[in-house]
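Colleague: One structure, pasted below without further comment.
The values are calculated or read from the model by the stated rules, or taken from the named source; none is laboratory data. Note that the structure is a prediction, hence the values are computed from the model and not measured. Note that we place each Cβ from the backbone using ideal geometry, even for glycine, and neighbour counts take in every protein chain shown. For the accessible areas, the whole protein counts, side chains as well, though only heavy atoms, and no ligand, DNA or RNA atoms are used. Shrake-Rupley method; radii C 1.70, N 1.55, O 1.52, S 1.80 Å.
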Amino acid sequence: MRLLLTGGGTGGHINPAIAIAQYARANDPSGAILYAGTPDGMEASLVEKAGFDFAPIRVQGFYRSMAPKDILHNLHTVEVVIKARPRARKILQEFQPDVVIGTGGYVSGPVVMEAARMGIKTAIHEQNAFPGITNRMLAKHADMVFLAVEEAKAHLAPKAPCQVVGNPVRDSVVYKSKRAARQELGLDDSFCILSFGGSLGADALNRIGADLIAWHGREGKINHIHGYGRLGREKFPRFLEERGVRLGDCPRVRVTEFIDNMDACMAAADLLISRAGAITISEIEATGKAALLVPSPNVTANHQYHNAMVLVSRGAALLLEEKDYSSEKVVSLVRDLYENPKRLQELSQRASELAILDTAKRICDGLSQLAAGR
C-alpha cells in the first residue's frame, strides 16, 4: 500500500499520524509512506526523526482579530492557500498514493481535499471529542472518518462514515508496570501523585502543584512528581514561596521543568493531575489511572472540556475548571482520594474500561480496505 499522511500544528495531530505510519511500516515493509506537512512546523523535525520521507507544503490559518498585523497575516494567508492546492496536487501526482489520511491541523485540509478531487481514497482521524474545524470540513468528503470517541459524531455531518477507534498510545506507556516504574524511579509503595501542565507548563497546574506540596510535603507521606514546564521556570518557585514551602523540607517531592520519562512517571502514579488534551486522555485510559482533569480554557471551541467530560460523565475522572479553582478545593479533592482507596480504584477501573489499545491496527486495517476498494 502506498500511504500518504498529513497533519500538523501540534503534537496532538502529528504523533498519531506517526504512530499510524510506524504500524503501517512494521506490517507492510514493501509499502511506501510519505508525510506531507509544513516545512517550518513541528511535523518536519518529528517526521524526520521517525525516519519517514517528508513532502513540504506551506499552509497557515486565519486570525480572527482585526488588528492591523493580523489583517496583514490574513492577506498573506489568502496567498498561501491559493498556492497550496497546486502544491498538494503535485505531491499527489508524484507519489501516487493508494490512500490519504489527514490527522488534523490546517495542512491536512488542502492535501485531503485535493486527493478527494482526484478520486484518491481519503480518510481522517479526529483525536478530540469536539472535532477541529479542518476535520469538520473534511468529514463531509472523506471515505472513512476515524474518531477517538463516540461523542465526536454529534459535531460532524450526519452521514459521515465514522468508526470509533481511539487514539494511538505509545507501547512504553501501555505496557510499563507500576512495580517496574517505581523501581526505576526509586519510589516506595506510598501514594504517588503526578502533576504536570505540558512542556510549556500552565499557571493553573503549577498553582495546584504548589497547593498540594504545601499540604503534604513536610509530612513526607506522599510521593509527588511535578513538571512545571518552561513557562513555570520563574513562577513555580514563587508559588512555592508564597505558600511557605521549601523543597529541601519535602523529601518525597520531585519537581522538574520537563518530564522526559513520562511513561515511567505515569505508570508509577496513583493519581494524575493534568490538562485534558486528547492524547493525555487516551493515556489515562490505557494506563487505568485515576485523574483530576483541569481543562485549558484557552483552546479552540473549549475542546479540552469536551475531552474531559468523556471520562467525567462515566465516573472515570474528576473535573476542576479553572474558574472554580481554590487551594482549599484542590486539597479537599485530592485528600478525599488519598483517604479513600476504594474511590481511587473505582476511577481507575472505569478509566481502564474506556481504553482502546489497538488504534493503529484498526486504522491501518481500514486504510487497507479503502486501498483495496472495499
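Colleague: Select from 248, 264, 50 the residue farthest towards the positive end of the dipole of the chain; place +1 on Cβ of Lys and Arg, -1 on Cβ of Asp and Glu, and compute about the Cα centre.
Modeller: 50
Colleague: Also, quick follow-up: If you count only protein heavy atoms and use a 1.4 Å probe, how large is the accessible surface of residue 243, to the nearest 10 Å²?
Modeller: In the full protein context, residue 243 sits at about 60 Å².
Colleague: I want to check the label-to-label distance for residue 358 and residue 323. Put each point 7 Å from Cα in the C-beta direction and report it in nm to one decimal.
Modeller: In this crude label model, residue 358 to residue 323 measures out at 4.3 nm.
Colleague: Near the amide H of residue 291, under 5 Å away, which other amide H atoms are found, from residues 5 or more places off or on another chain, if H is placed in the peptide plane?
Modeller: Here 272, 318 satisfy the definition.
Colleague: Can you give the calculated 222 nm mean residue ellipticity of the chain, where each DSSP H run of n ≥ 4 adds -39,500 (n - 2.57) and the sum is split over every residue, rounded to the nearest 500 deg cm²/dmol?
Modeller: Computed ellipticity for the chain at 222 nm equals -14000 deg cm²/dmol.
Colleague: What's the local net charge at residue 203, with K and R +1, D and E -1, over the other residues with C-beta under 10 Å away?
Modeller: Around residue 203, the charge tally is +1.
Colleague: How high is the relative contact order of region 138-205? Use alpha-carbon pairs under 8 Å, at least six apart in sequence, and give a whole percent.
Modeller: Here the relative contact order equals 23 percent.
Colleague: Let me ask something else. In the chain, what percent of the accessible surface is made up of carbon and sulfur (1.4 Å probe, ligands and nucleic acids excluded)?
Modeller: Roughly 50 percent, rounded to a whole number.
Colleague: Near residue 160, within a Cβ-to-Cβ distance under 9 Å, what is the net charge of the other residues, with Lys and Arg +1 and Asp and Glu -1?
Modeller: On the way: positive: 140, 153, 159; negative: none.
Residues close to residue 160 contribute a combined charge of +3.
Colleague: Using 10 Å bins from zero, what percent of all Cα-Cα pairs in region 99-252 falls into each bin?
Modeller: Distribution as computed: 10, 26, 21, 20, 17, 6, 1 percent.
Colleague: Using the heavy atoms of the protein chains alone and a 1.4 angstrom probe, what is the accessible area of the chain per residue in square angstrom?
Modeller: Heavy-atom accessible area per residue stands at 46 Å².
Colleague: Related question: Hull surface divided by four, with the convex hull built on the Cα atoms of region 234-364: how many nm²?
Modeller: Averaged projected area of region 234-364's Cα convex hull equals 9.9 nm².
Colleague: Which of 162, 359, 127 sits farthest toward the positive end of the charge dipole of the chain, with +1 on the Cβ of Lys and Arg and -1 on the Cβ of Asp and Glu?
Modeller: Farthest towards the positive end: 162.
Colleague: For region 141-218, what is Rg from Cα atoms divided by 2.2 N^0.38 Å, rounded to two decimals?
Modeller: For region 141-218, the normalised Cα radius of gyration is 1.71.
Colleague: What is the spin-label model distance, in nm, from residue 54 to residue 349 if the labels are put 7 Å beyond Cα along the C-beta direction?
Modeller: The two pseudo-label positions are separated by 4.7 nm.
Colleague: Among the lysines, which fall within straight-line cross-link reach of residue 329, defined as a Cα-Cα distance under 30 Å, with same-chain neighbours fewer than 8 residues apart omitted?
Modeller: 178, 221, 235, 289, 342
Colleague: Straight-line reach only, C-alpha to C-alpha below 29 angstrom: list the lysines that residue 140 could link to, leaving out same-chain residues fewer than 8 apart.
Modeller: Counting by Cα, and skipping residues close in sequence, residue 140 has these lysines nearby: 83, 90, 121, 153, 159, 361.
Colleague: Whenever you get a sec, line up 106, 23, 228 from highest to lowest accessible area (probe 1.4 Å, protein heavy atoms).
Modeller: From most accessible down to least: 106, 23, 228.
Colleague: Calculate, in nm to one decimal, what residue 369 and residue 243 gain on full extension: separation in residues at 0.36 nm each, minus their alpha carbon distance. Write out the running numbers ahead of the final one.
Modeller: Values: separation 126, 0.36 × 126 = 45.36 nm, distance 5.80 nm.
That pair, residue 369 and residue 243, stretches by 39.6 nm at full extension.
Colleague: Note down the nm distance, to one decimal, between modelled labels 7 Å out along Cα→Cβ at residue 298 and at residue 174.
Modeller: Each label point is offset 7 Å from its Cα along the Cβ direction, giving 3.4 nm.
Colleague: Long-range amide H contacts for residue 55: which residues qualify at under 5 Å (H placed 1.01 Å from N, peptide plane, sequence gap of 5 or more or a different chain)?
Modeller: When sequence neighbours closer than 5 places are left aside, the close amide H contacts are 35, 36, 37.
Colleague: Provide the solvent-accessible area of residue 334, counting protein heavy atoms only and rolling a 1.4 Å probe, rounded to the nearest 10 Å².
Modeller: Approximately 0 Å² of residue 334 is accessible to the 1.4 Å probe.
Colleague: So, one more: Specify, per residue and in Å³, the volume enclosed by the convex hull of the alpha carbon atoms belonging to the chain.
Modeller: Details: hull volume 53.7 nm³, N = 374.
It comes to 143 Å³ per residue, whole-number rounded.
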